[in-house]
Ligand code: BV8
């Protein structure tokens with residue numbers, strides 16, 4: 001296949017995935033509808049602290065529906081190809097994903113940084129309790145309360161452990177990614193299934209180039225940050241990724 005990428009013994013590989021990698025599993029991409037709407041709400045409004053403050057039950061409905069959907073689908077060959085690459089490269093591989101659907105973990109990937117959080121983690125919007133695993137699909141209009149707050153006689157509501165628009169990504173995640181880039185003797189940066197519209201993830205390619213990375217985009221359509229890549233392989237990640245890498 002002309003699109004093969006040779007990976008030699010001193011190359012480290014950083015992969016960034018977006019919603020396009022889960023599309024072939026049946027999960028609609030983030031901007032599935034051209035105007036990025038869900039139930040006539042702009043997604044940026046629903047996936048935001050302001051949206052949660054204004055209507056927590058609407059936001060919980062948005063995330064409960066996606067949590068329910070994510071439980072019904074399976075990883076696709078694109079997810080499995082990235083797990084296989086991790087198995088070959090070990091700690092020379094790191095996967096940063098914008099996806100919150102948990103499919104990389106279900107495909108067996110271990111070296112995954114879920115930079116935008118997870119549909120299957122919940123935390124309290126008020127107290128400092130740690131995020132906890134949660135796969136409950138809350139009933140319509142239910143806003144779950146925080147048990148820890150209640151034990152203290154206080155009122156706290158739970159929220160999805162998701163990085164919303166206008167919220168900082170976890171600095172520990174960003175530090176792990178930048179440390180990987182700076183420690184790599186030779187860096188290959190791959191972005192797959194992402195429109196390059198959302199920052200700071202869309203800026204990772206620029207950071208990688210500052211570390212001398214060769215950068216490749218695998219995407220079905222042109223990406224907003226497409227000009228930042230040395231190479232664009234137009235195609236479906238489920239078909240391209242399994243054939244792409246040759247580890248020497
Ligand atoms: C922050 C969780 C700062 C929610 C998400 C400039 C610099 C820095 C920030 C900004 C900036 N300008 C604006 C901002 C703010 C904002 C931002 O980037 N806005 C955009 C809209 C302009 N960024 C933020 O708010 C970030 N926080 O910057 O904080 C700060 C500083 C100080 C103090 C406070 C704050 C937080 C961003 C995180 C938002 N949360 N997710 C949820 O998922 O419910 S982002 C959301 O979009 C998802 O995570 C999604 O993954 C992500 C990106 O979308 P994509 O994954 O790329 O998906 P998309 O549908 O767009 O594209 C899919 C692509 O796949 C398409 O191109 C398609 O062609 C392709 N495709 C489809 N099928 C396939 C395929 N490709 C291959 N194979 C296929 N089969």
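For the reader, a short list of remarks on this structure follows.
- Highest-first arrangement of 180-190, 46-56, where packing means the average Cβ count within 10 Å: 180-190, 46-56
- Gyration tensor (alpha-carbon) shape descriptor, region 28-86, a/c threshold 1.5: prolate
- Over region 138-232 - Rg/Rh using Cα atoms and the Kirkwood inverse-distance radius: 1.18
- Two-decimal log10 I(q)/I(0) for region 142-193, as the Debye equation yields it once each C-alpha is a single scatterer, q = 0.18, 0.21, 0.23 Å⁻¹: -0.79, -0.91, -0.98
- Label-to-label distance, nm, for residues given as residue 157 and residue 32 (7 Å Cα→Cβ offset): 2.5
- Gyration tensor (alpha-carbon) shape descriptor, region 186-232, a/c threshold 1.5: oblate
- Net lengthening on full extension, residue 221/residue 3 (0.36 nm per residue, minus Cα-Cα): 76.8 nm
- Within the listed set 159, 172, 83, the residue fluctuating most in the Gaussian network model of the chain (springs between alpha-carbon atoms under 10 angstrom) is 172.
- Folded to 0 to 90 degrees: helix 171-183 orientation relative to the chain principal axis, Cα: 10
- Full-extension gain in nm, residue 148 to residue 210, via 0.36 nm per residue minus C-alpha separation: 17.8 nm
- Most fluctuating residue given options 24, 142, 39, as computed from a GNM of the chain linking Cα atoms under 10 Å: 39
- Evaluated over the Cα positions of the chain, the convex hull gives a direction-averaged projected area, one quarter of its surface, of 13.3 nm².
- Scattering curve values for region 52-97, log₁₀ I(q)/I(0), Debye with Cα scatterers, q = 0.17, 0.30, 0.33 Å⁻¹: -0.68, -1.01, -1.08
- Working ranking of peptides 99-110, 126-137, 197-208 by packing, defined as the average number of other Cβ atoms within 10 Å per residue, highest first, is 99-110, 197-208, 126-137.
- Computed E for residue 126/residue 168 - FRET, C-beta separation, R0 25 angstrom, nearest 0.05: 0.90
- Whole-angstrom Cα spans of region 34-177 along principal axes, big to small: 50, 38, 27
- Cβ-derived FRET efficiency at R0 51 Å, residue 199 paired with residue 140, nearest 0.05: 0.95
- Folded to 0 to 90 degrees: helix 77-89 orientation relative to the chain principal axis, Cα: 60
- Structural descriptor for the chain: relative contact order 28 percent, calculated from alpha carbon pairs under 8 angstrom and at least 6 residues apart.
We did not get these values from a lab; they are worked out from the coordinates using the rules stated. Quick caveat, the model's predicted, so the values are computed rather than measured. Every residue, glycine as well, gets a Cβ built from its backbone with ideal geometry; the counts of neighbours run over all protein chains shown.
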